Amino acid sequence: MSRTVYVNGEFLPEEKATVSIFDRGFLMADGVYEVTSVLGGKLIDFEGHAARLARSLAELDMAQPISHEDLLAVHRELVARNAIDNGLVYLQVTRGNPGDRDFVFPDPDETPGTVVLFTQSKPDLRDNPVAAAGIKVISIPDQRWARRDIKTVQLLYPSMGKMAAKAAGAGDAWFVEDGKVTEGTSNNAYIVKNGRIVTRELSNDILHGITRAAVLRYAAEAQMEVEERAFTIAEAQAADEAFVTSATTFVTPVIEIDGVKLGAGTPGPVATRLREIYIDESLKSAL
Ligand code: PDD
C-alpha cells in the first residue's frame, strides 16, 4: 500500500513525491535529519528531536524552514494518514535546490530549504526480539568527520560500519578514536560495571542522543550511578554489561564485544530495567 509522505508543504502519495536532482541534499549531503519513534500512535520525545533539529540547522547556517507548530502537526498527520501504530517518522531538511551545483551555499532568501517527512511502520518496535536477545558488536576506527554533534545525512561511513558488522555476524559496530569508544553507528554506547553506568561525555565527537538524555535522567531518578567519560574496548569487554540507546532501538543490550562475551553473555539487569523504564516513562509524555 502506498504511503502518504510530506514534501515542501504538500501531502502526497509516495510515488508522486519528488525532489530536484540539483537538491543540495542529493549532491552535497547538505542536509540534516531526525528520527522520532511512534509507540501506540504517539510520538516519543518529539520536543527533544525538534530542539536538536533547530540546533543542527543553526550550526550549519541553515534557515528553519518550518515552524515548530507545523512540524508537530505534519508528524501527527502522517502518523494518522498512514495508520502508524508502532514505527517512526523520518524528517529531512536540506539546503534546497539552487538550480546548479556549487560549493558555495545559496542565499537562503532565494533558495528555500527542502523539507521531507515520511513514516515507516515497525510493528516489533516495542517487543523487539533483537532487544530480548541482545546484540553483538565489533569495533572499527571512527573515520567520520569531526562534527558528529550535528545530525547530518552524511551516513556513508556509518553504513560501511553496519556492513562490516553484518559481515562479522554482529548487529552493530562501535567506533573507536584515540583508543576510546565514541558511539555506535547509529546509537550511543554504554557499559555497566558494579552497577555504575558509564557513557562518553557530550562533545563534538558524538551525537547528543535524545534517548541518551532521557535515559540518563531516568537512571538518576532511579538512584543509579552514572559517570560520563570515555571508555576503551578492553574496559567494555571487562564490564558486567553494555547497551546502546537510540530513538528506534530505545535501550538495547549488548552481549558481546569483538568476540568477548560480557558476563553471562545474556542481556544484563541494568539494561533490561532501563529499557522498561524508558518505554514506560516516555509513553507518559508522548504526543
Ligand atoms: N540515529 N549516535 C548516532 C551516530 C546516531 O545516528 C543516533 C541516532 C544516536 C542516538 O540518537 P537518538 O537517541 O536521538 O536517536 C547516536 C538514528 C536513530 C538513525 O540514524 O536512524
For Lys193, residues with placed amide H under 5 Å, excluding near neighbours: Val198, Asp240
Note down the nm distance, to one decimal, between modelled labels 7 Å out along Cα→Cβ at Lys284 and at Glu47. 1.3 nm
Starting from the Cα gyration tensor of the stretch 107-253, take the square roots of the eigenvalues, sort them a ≥ b ≥ c, and report rounded, prolate or oblate (rounded when a/c is under 1.5, otherwise prolate if a/b is larger than b/c, else oblate). rounded
Put a dot 7 Å past each Cα toward the Cβ at Phe22 and Phe103; how far apart are the dots in nm? 2.0 nm
Would you grab the residues whose amide H sits under 5 Å from the one on Ile138? Only those 5+ places off in sequence or on another chain, please, with H modelled 1.01 Å from N. Asp172, Ala173, Trp174, Asp258
Residue by residue through the stretch 110-124, the couplings from Karplus 6.51 cos²θ - 1.76 cosθ + 1.60 with θ = phi - 60°, in Hz, x for Gly and Pro, are 9, 10, x, x, 9, 10, 10, 9, 8, 10, 9, 7, 9, x, 8
Restricted to the stretch 78-195, the DSSP antiparallel beta bridge percent, nearest 5, is 70 percent
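Quickly rank 249-255, 276-282 as a protection proxy: mean count of other C-beta atoms within 10 Å, highest first. Mind dumping the intermediate values first?
Working: 249-255: 24.7, 276-282: 16.7.
The most tightly packed comes first, giving 249-255, 276-282.
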Taking the chain as the reference, fit the longest principal axis to its C-alpha atoms, fit the long axis of helix 269-284 to the helix C-alpha atoms, and give the angle between the two in degrees, 0 to 90, nearest 10. 30 degrees
Give the aspartates and glutamates reachable from Lys42 as a straight Cα distance under 19 Å; neighbours fewer than 8 places away on the same chain don't count. Glu34, Glu69, Asp70, Glu77, Asp85, Asp124, Asp127, Glu276, Asp280, Glu281
Taking θ = phi - 60°, what integer Hz values does the Karplus form 6.51 cos²θ - 1.76 cosθ + 1.60 yield along the stretch 18-34, in sequence order, with x for Gly and Pro? 9, 10, 4, 5, 8, 4, 5, x, 6, 7, 10, 6, 8, x, 10, 8, 9
Computed label-point distance, nm, for sites Ala234 and Leu60 using a 7 Å Cα→Cβ extension: 3.9 nm
Over all directions, average the projected area of the Cα convex hull of the chain and note it in nm². 15.0 nm²
Computed, not fitted: 222 nm per-residue ellipticity of the chain from DSSP H runs ≥ 4 (each -39500 (n - 2.57)), nearest 500, equal to -8500 deg cm²/dmol
In degrees from 0 to 90, rounded to the nearest 10, what is the angle of the helix 68-81 Cα long axis to the longest principal axis of the chain? 80 degrees
Within straight-line cross-link reach of Lys193, lysines at Cα separation under 27 Å, skipping those fewer than 8 residues along the same chain: Lys136, Lys162, Lys180, Lys261
Computed over the chain, protein heavy atoms only, probe 1.4 angstrom, the accessible area per residue in square angstrom equals 47 Å²
Cα-based shape type of the stretch 1-90, given that a ≥ b ≥ c are square roots of the gyration tensor eigenvalues and the cut on a/c is 1.5: oblate
If I fit a long axis through the Cα atoms of helix 210-221 and take the longest principal axis of the Cα atoms of the chain, what angle between them do I get, 0 to 90°, rounded to 10? 40 degrees
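The values are calculated or read from the model by the stated rules, or taken from the named source; none is laboratory data. It should be emphasised that the depicted structure is a prediction, and the values quoted were computed from it without experimental measurement. FYI the Cβ positions are ideal-geometry reconstructions off the backbone, even for glycines, and counts take in every protein chain you see. Accessible surface areas use protein heavy atoms only, side chains included; no ligands, DNA or RNA. Shrake-Rupley method; radii C 1.70, N 1.55, O 1.52, S 1.80 Å.
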